[in-house]
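Step one of this worksheet: look at the structure below.
All of the numbers you see were taken from the coordinates with simple rules; none came from a lab. Here the structure is a predicted model, which means the values were calculated and not measured. Here the Cβ is made from the backbone with ideal geometry for all residues, glycine too, and neighbour counts use every protein chain on show.
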Amino acid sequence: GAVVSQHPSWVICKSGTSVKIECRSLDFQATTMFWYRQFPKQSLMLMATSNEGSKATYEQGVEKDKFLINHASLTLSTLTVTSAHPEDSSFYICSATDRQGANYGYTFGSGTRLTVV
Amino acid sequence: DQQVKQNSPSLSVQEGRISILNCDYTNSMFDYFLWYKKYPAEGPTFLISISSIKDKNEDGRFTVFLNKSAKHLSLHIVPSQPGDSAVYFCAASAVKGGSEKLVFGKGTKLTVNP
């Protein structure tokens, strides 16, 4: 089945630095990828929708200059948290669509635990 | 405004019995519904889905029921096994409306006791 690889699985960074998270579709081409964040005991909140070759569409309340998304190829999307602060500490998850199968192609990565100190 | 609601934050069931997880939605544009299982610090794993043209979909021990008029769906797991213990998320999208975005509920933590 479809596999989405997310890297790194966890990262600790200092306040003010930037962190890049990668999301790769390993065996399919993903025209659309989604980025979510999840706070403890909360739901997955969609941050942005990333389409290959075009600008990402951000959800209301998500700062596009802080969360930079690049989807340069059909198999790779990156999320860069710029000038990270402790309140950005969260669990970030990507998902990609391949539009096949009963899942309608929503395959999730394993997530990245970001801790900003 | 929460469009997908899972009103029970937790559920405890005895091994071998049925687990019923409920989900309600408010957006009538939703036409595709999915259930995911999630462990801490991991991404969600797809379990089962249902299109709005159906009222039931079954896959092994998992069955999803959809009641469109009530805007309600439920996931039945039978028989429940200790390995089913996890957080279960209901999600919905408006595929025919051109939106592939998934909207998630807050999740229900299922504990299956041996």
Note on the range B:95-114: residues in contact with a Leu (Cβ under 8 Å, 6 or more places away or on another chain) and either within 12 Å of another protein chain (Cβ to nearest Cβ) or of a type outside the set (S, T, N, Q) (or both) are B:Lys101, B:Leu102, B:Val103, B:Phe104, B:Thr108, B:Lys109, B:Leu110
Could you tell me whether any residue of the range A:71-89 is among the β-branched types (Val, Ile, Thr) and more than 21 Å from A:His7 (Cβ to Cβ)?
-> no
Given (1) among the hydrophobic types (A, V, I, L, M, F, W, C); (2) outside any loop (DSSP other than H, G, I, E, B); (3) within 18 Å of A:Ser18 (Cβ to Cβ), index of the condition A:Leu46 fails = (3)
Would you check which residues across the range B:28-50 are at the interface with chain A (Cβ under 8 Å from one of its Cβ atoms) and either of a type outside the set (Phe, Trp, Tyr) or under 18 Å from A:Arg113 (Cβ atoms) (or both) and list them?
-> B:Leu34, B:Ala41, B:Glu42, B:Gly43, B:Pro44, B:Thr45, B:Ile48, B:Ser49
Single condition A:Met33 does not satisfy, out of (1) assigned to a strand (DSSP E or B); (2) under 16 Å from B:Ala41 (Cβ atoms); (3) out of contact with any Lys or Arg (no Cβ under 9 Å at 6 or more places or on another chain) = (2)
For the range A:10-17, state whether one or more residues are assigned to a strand (DSSP E or B), surrounded by 21 or more Cβ atoms within 10 Å (Cβ to Cβ) and within 13 Å of chain B (Cβ to nearest Cβ).
-> no
Quick one: which strands (runs of 3 or more DSSP E) sit completely within the range B:17-114 and have at least 1 residues that are without any contact (Cβ under 8 Å) to a residue 24 or more places away in the chain?
-> B:45-51, B:56-59, B:62-67
Tell me, yes or no, whether the range A:75-94 has at least one residue that is free of Cβ contacts under 8 Å to residues at least 40 places away in the same chain and either within 12 Å of the chain's Cα centre (by Cα) or part of a strand (DSSP E or B) (or both).
-> no
